[in-house]
Amino acid sequence: MTDATAQAPGASSLPEDLTAERNASRVGRRFGPSGSAVVMVLYLLFLMLPIYWLLNMSLKTNNEILGAFSLWPRNATLQNYVTILTDPSWYMGYVNSLIYVLMNTAISLTVALPAAYAFSRYNFMGDKHLFFWLLTNRMAPPAVFALPFFQLYSSVGLFDTHIAVALAHALFNVPLAVWILEGFMRGVPKEIDETAYIDGYSFGRFFVKIFMPLISSGIGVAAFFCFMFSWVELLLSRTLTSVDAKPIAATMTRTGGAGGIDWGVLAAAGVLTIIPGALVVFFVRNYIAKGFALGRV
């Protein structure tokens with residue numbers, strides 16, 4: 001009778017110390033930091049350092065900021081945020097910015113949706129040239145249009161109004177929105193349009209009830225880029241406004257006075273300026289990822 005303790009055919013005959021070494025290396029690979037993880041952590045730290053320093057400054061007094069170097073506030077204070085939220089010259093900047101940013105986003109999408117549908121569904125003479133011309137408007141720097149817009153709006157009485165900044169930003173956002181939406185619309189089969197017409201849908205009802213839900217990801221991506229460009233743009237918004245519609249970006253560049261610059265208040269304003277953009281990114285992150293997958297972002 002064979003020995004019961006004999007190894008079965010195919011069983012491992014490796015020594016116990018070698019087996020233990022292999023298991024330890026597997027555990028190390030599973031739980032130990034890899035090179036890519038280290039690089040990613042360093043990259044995130046590099047990106048977060050300016051934001052942390054901005055938050056750090058916003059919790060300090062002006063004297064402490066200009067004094068000795070410190071990695072964190074010695075006597076943290078919220079007075080800088082209180083100043084912004086109680087001073088109309090500061091918080092109205094955020095109100096003005098949100099007003100013209102939302103107006104610009106609505107105008108850009110309203111114009112871009114039918115234009116992108118036409119480019120994606122119809123072929124007409126000069127369509128590719130017209131599409132390229134739209135994109136060239138986006139390629140030009142805002143400084144090129146600052147003086148013409150200033151002269152035009154001053155002549156027609158639109159200077160220092162929210163609609164003036166919204167229309168100026170739409171010049172840059174509409175081509176971008178058309179380009180993004182046209183890519184999403186091309187992914188929708190034309191048979192859906194024909195089926196809807198056969199079922200008796202008018203174009204408006206078909207476009208709102210059927211077509212727009214199919215390209216909701218594209219609308220989200222286009223709205224995100226329109227919002228972000230208008231929110232961070234400074235040159236046009238500063239040139240075309242003075243008092244009544246002055247945005248927060250322009251307010252932050254006009255903080256110098258007889259007593260110098262209040263760095264703590266300026267840092268607090270910067271922190272509050274980041275929040276709307278971060279919220280928009282959070283809510284449309286899935287749409288942006290889908291836009292990358294479709295190759296239009």
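The values are calculated or read from the model by the stated rules, or taken from the named source; none is laboratory data. In this text the structure is predicted, and so the values were computed from the model without any measurement. Every residue, glycine as well, gets a Cβ built from its backbone with ideal geometry; the counts of neighbours run over all protein chains shown.
Checking each residue in the stretch 47-67 for being free of Cβ contacts under 8 Å to residues at least 12 places away in the same chain and either closer than 15 Å to residue 274 by Cα or not in a helix (DSSP H, G or I) (or both) picks out 47, 48, 49, 50, 52, 53, 67.
Check whether at least one residue in the stretch 148-163 is exposed (fewer than 13 other Cβ atoms within 10 Å of the Cβ), modelled with pLDDT of 90 or more, among the hydrophobic types (A, V, I, L, M, F, W, C) and over 30 Å from residue 269 (Cβ atoms), and report yes or no. Yes.
In the stretch 216-269, what residues are modelled with pLDDT of 85 or more and charged (D, E, K, R)? 233, 238, 244, 246, listed by residue number.
Each residue in the stretch 70-99 was checked for being hydroxyl-bearing (Ser, Thr, Tyr) and in a loop (DSSP other than H, G, I, E, B), and 2 pass. Just wondering, is there one or more residues in the stretch 74-82 that are at pLDDT 90 or above, of a type in the set (Val, Ile, Thr) and surrounded by fewer than 17 Cβ atoms within 10 Å (Cβ to Cβ)? Scanning the stretch 74-82 turns up at least one residue that is at pLDDT 90 or above, of a type in the set (Val, Ile, Thr) and surrounded by fewer than 17 Cβ atoms within 10 Å (Cβ to Cβ).
Taking every residue in the stretch 96-112 that is assigned by TED's automatic domain parsing to the domain that holds residue 163 and pairing it with any residue that is in a helix (DSSP H, G or I) and among the β-branched types (Val, Ile, Thr), at least 6 positions away or on another chain, the pairs with Cβ-Cβ distances below 7 Å are 97/248; 100/165; 103/163; 108/174; 109/219; 111/174; 112/174; 112/178. Within the stretch 177-220, if we keep just the residues that are of a type in the set (Phe, Trp, Tyr) and out of contact with any Lys or Arg (no Cβ under 9 Å at 6 or more places or on another chain), the residue that is farthest from residue 139 (Cα to Cα) turns out to be 197.
Cβ-Cβ distances below 8 Å connect no pair with a first residue in the stretch 201-229 that is outside the structural domain of residue 115 (by TED's automatic domain parsing), a second residue that is surrounded by fewer than 19 Cβ atoms within 10 Å (Cβ to Cβ), and a separation of six or more residues or different chains.
In the stretch 72-88, which residue that is over 17 Å from residue 271 (Cβ atoms) and not charged (D, E, K, R) is nearest to the chain's Cα centre (by Cα)? Only one residue fits best here, namely 88.
Each row is one residue, and each column tells you yes or no for (1) under 18 Å from the mean Cα position of the chain (by Cα); (2) more than 30 Å from residue 279 (Cα to Cα); (3) of a type in the set (Ser, Thr, Tyr).
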position: 153; (1), (2), (3): no, yes, yes
position: 160; (1), (2), (3): no, no, no
position: 166; (1), (2), (3): yes, no, no
position: 174; (1), (2), (3): yes, no, no
position: 179; (1), (2), (3): yes, no, no
position: 188; (1), (2), (3): no, no, no
position: 208; (1), (2), (3): no, no, no
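Pick from 135, 66: which is out of contact with any Lys or Arg (no Cβ under 7 Å at 6 or more places or on another chain), closer than 24 Å to residue 219 by Cα and modelled with pLDDT under 90? Only one candidate passes the filter, namely 135.
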